[in-house]
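*Asks:* First the structure, which I've put down as structure tokens, then a few questions once you've had a look.
The values are calculated or read from the model by the stated rules, or taken from the named source; none is laboratory data. Quantities reported herein were computed from a predicted structural model and do not represent experimental measurements. With ideal geometry, Cβ positions are generated from the backbone for all residues, glycine too; neighbour counts draw on all protein chains shown.
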Amino acid sequence: MNNAVSRDADAVRYIVLRKLASGLRHTLMGELQSVQFLAELSVRNIDNGADQARTRDSIAKISLATSEAIATCHSVIAWLRPEEGATTTLGEAVDQCVKLAGDDWRMRATQASVEIPGAAGEAKVSKAAARELIVTSLLALTDQHPGALDIEVVAALAGDRVDLRLRALASKRAAPLPASIIYHALGWGEVAILAAAHGVLCDCEADVATLRFAVLPPAPQ
């Protein structure tokens, strides 16, 4: 990858992260709020003279909630900087990207349907490539079609690759809030830049993007 392609890809990544900031914040805050709630509950139990078993139970849950918050922090950091050569299943990558990109979809009356057969969903792909390209494609669809949408996500195995098609269809649902574009609008040009950086083939036009990921062999035991 030459310097120009690398710089262009990094510029797109910055835009994507600006757009995902709200979803990343909500993910982290949700976990930390659980810790805060359990800590406050434990203090109330102690102040109110609750029986030891009840107090011990609420305190024990703090440890569990803290572990979950730590795991979420690790997940966010891994999203920002995945390990070199890390892989994931296509199904897992799609689930994570739909959740993150769809942070505000409820307010935009946008919904996603995912159809990934078992073999396609279990296909091993590059974690960095899948996460970046899928989430950027979802953001590009909503930026290019700012009204209410139905987004179809369909995958199929095709020999030594797995094809993922993302399609936007206009919906007549009424959105609670008017559509807005966060930071810069993304389009297929930005998706193509990231695809080139990862060596992934993509066909993008109008309201459809097809990403063609290489299926990677299982890690040696």
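*Asks:* So which residues in region 96-132 are under 14 Å from residue 19 (Cα atoms) and surrounded by 21 or more Cβ atoms within 10 Å (Cβ to Cβ)?
*Replies:* 97, 100, 101, 132
*Asks:* Considering only residues that are under 19 Å from the mean Cα position of the chain (by Cα), at pLDDT 90 or above and at positive phi, which ones fall in region 161-217?
*Replies:* none
*Asks:* For residue 196, only one of the following conditions fails: (1) assigned to a helix (DSSP H, G or I); (2) of a type in the set (A, V, I, L, M, F, W, C); (3) buried (at least 18 other Cβ atoms within 10 Å of the Cβ). What is its number?
*Replies:* Exception for residue 196: condition (3).
*Asks:* How many of the residues making up region 12-46 are without any contact (Cβ under 8 Å) to a residue 60 or more places away in the chain and within 28 Å of residue 71 (Cα to Cα)?
*Replies:* We begin by selecting, within region 12-46, every residue without any contact (Cβ under 8 Å) to a residue 60 or more places away in the chain; these are 14, 21, 25, 28-46.
Then drop every residue that is not within 28 Å of residue 71 (Cα to Cα), which leaves 14, 21, 25, 28-45.
Total meeting the criteria: 21.
Rundown of residues vs (1) over 12 Å from the mean Cα position of the chain (by Cα); (2) within 22 Å of residue 205 (Cα to Cα); (3) in a helix (DSSP H, G or I), yes/no style:
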{"site": "75", "(1), (2), (3)": "no, no, yes"}
{"site": "88", "(1), (2), (3)": "yes, no, no"}
{"site": "91", "(1), (2), (3)": "no, no, yes"}
{"site": "97", "(1), (2), (3)": "no, yes, yes"}
{"site": "112", "(1), (2), (3)": "yes, yes, no"}
{"site": "120", "(1), (2), (3)": "yes, no, yes"}
{"site": "129", "(1), (2), (3)": "yes, yes, yes"}
{"site": "135", "(1), (2), (3)": "no, yes, yes"}
{"site": "143", "(1), (2), (3)": "yes, yes, yes"}
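*Asks:* Further, regarding this structure: Across region 82-109, what is the total count of residues that are of a type in the set (D, E, K, R) and within 17 Å of residue 181 (Cβ to Cβ)?
*Replies:* 3
*Asks:* Filtering region 64-75 down to residues that are modelled with pLDDT under 85 and among the polar types (S, T, N, Q), which residue is nearest to residue 46 (Cα to Cα)?
*Replies:* 72
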